[in-house]
Amino acid sequence: MKSSFLHTCRNSLVVLAFVSSLVMATHTTAGAEDAIGGAPGDWLSRYMGARTAGMGGAFVAAADEPLGVIWNPAGLSYMSQNQVTFETARLFESTSMNTLSFGMAGSRFPSFGLTIVNLRSGEFEKTNDLNDNLGEFTEGDMAFLLSASKNINRSLAVGANVKVVRQSIDEFSGAGVGLDLGVMYNITPKIRLGASALNIAGPSVTMRAVDESYPSEFRGGASFMFLGGRGLVSAEVDHQSGGTGTSFRGGSEFWVHRTLGLRVGYAYESPTGGFSYRVGEGWRFDYAASDNELGVMHRVGVSYQFGGFFADSKANPEVFSPIGQHSVTKFSLKSKTKAEAVGWSLSILDKSNQIVRKFGGKGVPPAHVMWDGKDESGLPLSDGIYRYQLIVHDKEGRQFTGHIRTVEITTTGPRGSVPVYTD
């Protein structure tokens, strides 16, 4: 126990030292956000989705969803399920940014993703040198990112984006191709480092006769999970080439309930915040707000997870009576892990969050287990609603957690009223 405690303390000190060095770096680069403003590709470099914006954009070591490839393509390897995400943000006037992203979780084969980011302006007044009105024009930018990521071993993952961008202003347009590379490394199951190099050898877009090359950008950071994964703290330093400086981002995420997550962050010397709300099975709604020189910017998104790798359980019947016709309930167990399953557990908890009965074993969980409404010592439990959850571990240290569901014990007979007819 003492050795485990010292090991945890040492790992925590490593993260604190790393984050402290990131913070110190920002004090030597004050005003960097002004230096990078207006650079080619700045619209994409500064893009933040709803979840990411809520965490201040500190996502290079926490990118575990399809939109995370914009920060670090290696994050696709940490997805457990397939996911599709749509997000929209209103920037200023009639300018908006919309994003559609899809990620497919892999195991023996790499994880793949496709992301489309579109920035569309409103109409601007078009004039000549004499300031005569020549009508109106619009500006648009679009990026397509085809991504792939693979685990080298249980701790290391690498990834890459092939990036195609297109820019149009009035009747002029141009396109270019670039490459992003990323890496993630788990020091422990709770501590992760991430780094990425963006816009390697392009893209370079030619508008009329002028080439505009997206500057290379390097990002590095760390994330730390706590309270069994309910909490996450992340910090990141970004550096853009060409003498444009360095900026710092930091943020945190905490799930106060299995359906509600809250976030706060710091990016470009401004606060950010947001939340997520899970609806049903697989659906999640995200919202974030951030402050900048143009005012408060709002972002909303919706995502859906399906298939991939998972653990799940379902009780049938969901209401049973140990002394009635349905004296037991059957938990159907299903799972699919990235690596070989080495152990599983099905925990049943009471309203005080105490485990009253636990099933488990090695390898793959069985198709089902039966429960007679008794605790670990074989004593009958009182009537009430109990929560249960399936957890499966694979040989590479991953944990697959099922949905928390409820089952009810009742010995008082059916509920409701029975009509009585009198003459």
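Rundown of residues vs (1) assigned by TED's automatic domain parsing to the domain that holds ILE385; (2) under 24 Å from the mean Cα position of the chain (by Cα); (3) buried (at least 18 other Cβ atoms within 10 Å of the Cβ), yes/no style:
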residue	(1), (2), (3)
GLU269	no, yes, no
ALA288	no, yes, yes
VAL319	yes, no, no
HIS326	yes, no, no
VAL364	yes, no, no
HIS368	yes, no, no
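Please specify each residue of segment 111-132 satisfying the condition of being of a type in the set (A, V, I, L, M) and modelled with pLDDT of 90 or more. If the condition is that a residue be of a type in the set (A, V, I, L, M) and modelled with pLDDT of 90 or more, then LEU114, ILE116, VAL117 are the ones that fit. Residues in segment 69-96 that are surrounded by fewer than 21 Cβ atoms within 10 Å (Cβ to Cβ) and modelled with pLDDT of 95 or more: VAL84, PHE86.
Checking segment 202-215 against the condition returns no match, with no residue being within 17 Å of SER77 (Cβ to Cβ), out of contact with any strand residue (DSSP E or B) (no Cβ under 7 Å at 6 or more places or on another chain) and part of a loop (DSSP other than H, G, I, E, B).
For every residue, the table says whether it meets (1) surrounded by 15 or more Cβ atoms within 10 Å (Cβ to Cβ); (2) modelled with pLDDT of 95 or more; (3) within 23 Å of the chain's Cα centre (by Cα).
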| position | (1), (2), (3) |
| --- | --- |
| SER155 | yes, no, yes |
| PHE172 | no, no, no |
| GLY194 | yes, yes, yes |
| SER213 | yes, no, no |
| ARG230 | no, no, yes |
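Can you confirm whether PRO66 is at pLDDT 90 or above, more than 17 Å from SER223 (Cα to Cα) and not assigned by TED's automatic domain parsing to the domain that holds THR401? Yes, satisfied.
Can we say THR246 is touching a residue at least 12 places away in the same chain (Cβ under 8 Å) and over 17 Å from the mean Cα position of the chain (by Cα)? Here the answer is yes, as THR246 does meet what is asked.
For segment 56-64, does any single residue satisfy the condition of being charged (D, E, K, R), more than 21 Å from ALA160 (Cβ to Cβ) and not in a helix (DSSP H, G or I)? Checked against the condition, which is being charged (D, E, K, R), more than 21 Å from ALA160 (Cβ to Cβ) and not in a helix (DSSP H, G or I), segment 56-64 yields no hits at all.
The values are calculated or read from the model by the stated rules, or taken from the named source; none is laboratory data. Predicted model only: the values in this text are computed from it and were never measured. Cβ: placed from backbone, ideal geometry, glycine included. Neighbour counts: every protein chain shown.
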